[in-house]
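The values are calculated or read from the model by the stated rules, or taken from the named source; none is laboratory data. No experiment lies behind these values; they were computed from the predicted model shown. Virtual Cβ from ideal backbone geometry, glycine too; neighbours counted across all protein chains shown.
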Amino acid sequence: MVFVIVDFTGKEAKGIRSYSEELGLDLRKPEDRFKWFLASILFAKRISSDIAKRTFRRFEEENPSTPRSILEAGWDKLVQVLDSGGYVRYDFSTASNLLGISKDLLDRFGSLEEIHAKADSPRRLEKMLMEFKGVGPVGVNIFLRELRGIWEKADPAPSRLAVQVARRLGVKRSEGVESQLVRINLEYCRKGACHTCPAKTVCSTRKRKATIHG
């Protein structure tokens, strides 16, 4: 399923970037697609997006941001990088999972690109990615929704978080902005920060509140 934006355009969308864009990743490049896979694993845990972003940047700074460099870094170094980004709640398990994922990826496929090439459908691609220990439906959805239009078989079901915001904004289908809709949900809707939301002028929930309090 894809989305087509109806009225979430112009100034309402200004300043809302996808997470991969904010992290400076160009998903047309295979090396940045693996970095986004790494970031998606970090984002998928029950942890704030700020901590996930900060931790990913620490991975880039310290260099374990390819499957081989992750293996070369080793468990102790990975835990150190995770802790330095504030990812302390899941540091041990995430370090172990990243080592396992990197080894499995190199041994079985060689690269993420080969997984995409071997998958014969979007659902098969999702299943293959979830075969890695520590990679679940949430992480796969985060990863693949930003690869729509780049990977032919990247076509995950819309995130529940995106659908909730799409309804509030009058969006009927949503191509290219699902990640932005998720960000609105996490960073504005859940925090009750309607007054600072970039989409406040087209949000039905905010208009309803204004009517009630008016």
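Some observations on this one:
Rundown of residues vs (1) closer than 17 Å to residue 179 by Cα; (2) in contact with a His (Cβ under 9 Å, 6 or more places away or on another chain); (3) surrounded by 14 or more Cβ atoms within 10 Å (Cβ to Cβ), yes/no style:
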| residue | (1), (2), (3) |
| --- | --- |
| 17 | yes, no, no |
| 25 | yes, no, yes |
| 34 | no, no, yes |
| 37 | yes, no, yes |
| 43 | yes, no, yes |
| 53 | yes, no, yes |
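Yes or no, residue by residue, for (1) in contact with a Pro (Cβ under 6 Å, 6 or more places away or on another chain); (2) outside the structural domain of residue 37 (by TED's automatic domain parsing); (3) basic (Lys, Arg); (4) surrounded by fewer than 21 Cβ atoms within 10 Å (Cβ to Cβ):
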| position | (1), (2), (3), (4) |
| --- | --- |
| 141 | yes, no, no, no |
| 152 | no, yes, no, yes |
| 169 | no, yes, no, no |
| 183 | no, yes, yes, no |
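- Breaking point among (1) modelled with pLDDT of 95 or more; (2) outside any loop (DSSP other than H, G, I, E, B); (3) acidic (Asp, Glu), for residue 50: (1)
- Criterion: in contact with a strand residue (DSSP E or B) (Cβ under 9 Å, 6 or more places away or on another chain) and hydrophobic (A, V, I, L, M, F, W, C) - qualifying residue of 82, 105, 98, 125: 125
- Within the stretch 76-178, helices (runs of 4 or more DSSP H) holding 1 or more residues that are under 30 Å from residue 200 (Cβ atoms): 137-145, 160-169
- Residues that are within 14 Å of residue 145 (Cα to Cα), at pLDDT 95 or above and either under 11 Å from the mean Cα position of the chain (by Cα) or not assigned by TED's automatic domain parsing to the domain that holds residue 94 (or both) within the stretch 21-45 comprise 36, 37, 39, 40, 41, 43, 44, listed in sequence order.
- Residue pairs meeting the criteria (Cβ under 8 Å; at least 6 apart or on separate chains; first charged (D, E, K, R), in the stretch 76-87; second surrounded by 16 or more Cβ atoms within 10 Å (Cβ to Cβ) and not in a helix (DSSP H, G or I)): 77/64
- Number of the exception - residue 125 against (1) modelled with pLDDT under 95; (2) in contact with a helix residue (DSSP H, G or I) (Cβ under 7 Å, 6 or more places away or on another chain): (1)
- Here is the figure for the stretch 72-129: residues that are loosely packed, with under 14 Cβ neighbours inside 10 Å, within 29 Å of residue 151 (Cα to Cα) and under 20 Å from the mean Cα position of the chain (by Cα) total 4.
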